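I have placed the structure first, in the form of structure tokens, so that the comments after it can refer back to it.
The values are calculated or read from the model by the stated rules, or taken from the named source; none is laboratory data. Everything numeric here is computed off the predicted structure, so don't read it as measured data. So basically every Cβ, Gly included, is an ideal-geometry build from the backbone, and we count neighbours across all protein chains shown. Ligands, DNA and RNA are stripped out before the accessible areas are found, and what is left, the full protein with its side chains, is counted by its heavy atoms. Shrake-Rupley method; radii C 1.70, N 1.55, O 1.52, S 1.80 Å.
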Amino acid sequence: MRALIAAAIGLAAALALVLTVTAIGAPTGETSPEPLLTTVPEHP
Amino acid sequence: MRRKACLVLLAFAVFCAALSPLLRWYAFPRLVKVPADRYQTMVLEAAPATLIDYGTMRAEKVPKITIVQTLKGNVEASEKIEKNDGDSSRDVVVWDGLSYVQGPDGKLVSRIPERYIFDAHSQEPVHARGESVDGDPVEREGIEFKWPFLTEKRDYAYFDAQARVTEPIHYKGTQRFRGLDVYYFEQTIPWTEVPLPKTLPVKGITPQSIAGTGTTRWYTTVRKFWVEPVTGAPVYGEEIHREELRGGTLLGDRDKVTAFSGHVKMREDYIEDTVDLVKSQRVLVLLMTSYLPWGLLVLAALLLALALWLEARSRRPGDPAPATDRDPEPQPANA
């Protein structure tokens, strides 16, 4: 019985971690202030 | 004490075993995406090339044509589309792009702006207001600029912005390119009538004035991409590109004149920069699809083995019986 509880805790922790991280997601950031280029840049 | 350690190890083993598939098949498709705020430039050159002089309407050999391509993620536009879409979980990327072509003297040859809207995870096109090429509304099918993450060895539908058509781009094999295994794709667009660019290099000459003479613009290209399959990012590209003006009174007694002809290739410093970027991003994707899932599975197996070993040791017949909390049995008192 104790082993089952320990396994359930492990499973729940994995689910909680993945669901939380995916719900938070990555920050979207902001549109770059750099322009659409009309001159040839010297380097990348 | 050993019992407790066994249970803790078992819990960690299940945690790792469960995390492994969850990372690969739940987190990866949701977390790995093209960032909405990406800003990227690319320089391509055709040296030498043939270019029309709109003043004389004659084709001329020039030493070099340069194409500056900018892709700029428009975060505000992507958030607006996501809001209007009704599905808040969908990640949309809006790329405002500009292909600016300049001649050897640095003067404008043509400029083609476009807006490309796509799903950040699958790179499937998303149809929304503003999707366009050179100011004309379009509805793309297939991919453009970038392949999906975990690119497969198969043909893809690729959108051609000049002709505004989607044609297959064929997988032609795996090659080694600057330390990376890449998939080589090739697409041929046969001679097709295409619209004249809205911006032409000579004042007074407009697409309408050329069209009024009955002259039409035709285009063919062989497009080649070397794509790193984990990220789906092209690390190198070439295009054998030809354009002609055909018919109409503008050409006098000629049937056609070459408007542009050249073998367009990425500039060397941009190849190096792209390869470096793709190598670093590739590791991040592999972390989610391979390194972490397999690492966690191995760790889970080790933890489980350790838990079982500890449990077996605690039950060995030679070992002293585990202490219990029960009171000792009462002994008969001898008077």
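In chain B, the portion of solvent-accessible area held by carbon and sulfur atoms comes to 55 percent [1.4 Å probe, whole percent, DNA, RNA and ligands not counted]. A simple spin-label model places the labels of B:Ile240 and B:Glu60 2.7 nm from each other, with each point 7 Å out along Cα-to-Cβ. Per DSSP H run of n ≥ 4, the term is -39500 (n - 2.57); total these for chain B, divide by its residue number, and report the mean residue ellipticity at 222 nm rounded to 500 deg cm²/dmol. Helices in chain B give a 222 nm mean residue ellipticity of -8000 deg cm²/dmol. Beyond 30 Å in Cα-Cα separation lie the following of the pairs B:Lys198/B:Lys224; B:Lys72/B:Lys198; B:Lys107/B:Lys224; B:Lys61/B:Lys153; B:Lys33/B:Lys224: B:Lys61/B:Lys153. Our estimate of slack between B:Lys80 and B:Glu124, defined as 0.36 nm per intervening residue step minus the Cα-Cα distance, is 14.0 nm. Spread over its residues, the convex hull of the C-alpha atoms of chain B is 183 Å³ per residue. The relative contact order of chain B comes to 19 percent, based on Cα pairs under 8 Å that sit 6 or more residues apart.
Determine the total buried accessible area between chain A and chain B, counting protein heavy atoms only with a 1.4 Å probe; round to the nearest 100 Å². Heavy-atom accessible area buried at this interface is about 2800 Å².
Summed over the residues of the protein assembly as shown and divided among them, the accessible surface reaches 54 Å² per residue at a probe radius of 1.4 Å. A:Leu17 label point, 7 Å along Cα→Cβ, cut-off 16 Å on backbone N: hits in the range B:1-39? Flagged as within label range: B:8-28.
Distance between Cα centroids, the range B:129-143 to the range B:191-226: provide it in whole Å. Between the Cα centres of the range B:129-143 and the range B:191-226 lies a distance of 17 Å. With r defined as the distance between the Cβ atoms of B:Trp309 and B:Tyr26 and R0 fixed at 41 Å, what FRET efficiency is calculated, to the nearest 0.05? For R0 = 41 Å, the calculated efficiency reads 0.85. The share of C-alpha pairs in chain A whose separation exceeds 13 Å stands at 73 percent.
For the protein assembly as shown, the Kirkwood hydrodynamic radius comes to 24.9 Å, computed from all pairs of different C-alpha atoms. Between B:Arg38 and B:Glu152, residue separation times 0.36 nm minus the direct Cα-Cα distance comes to 38.6 nm. The Rg/Rh ratio for the range B:163-219, using Cα coordinates for both the radius of gyration and the Kirkwood hydrodynamic radius, is 1.24.
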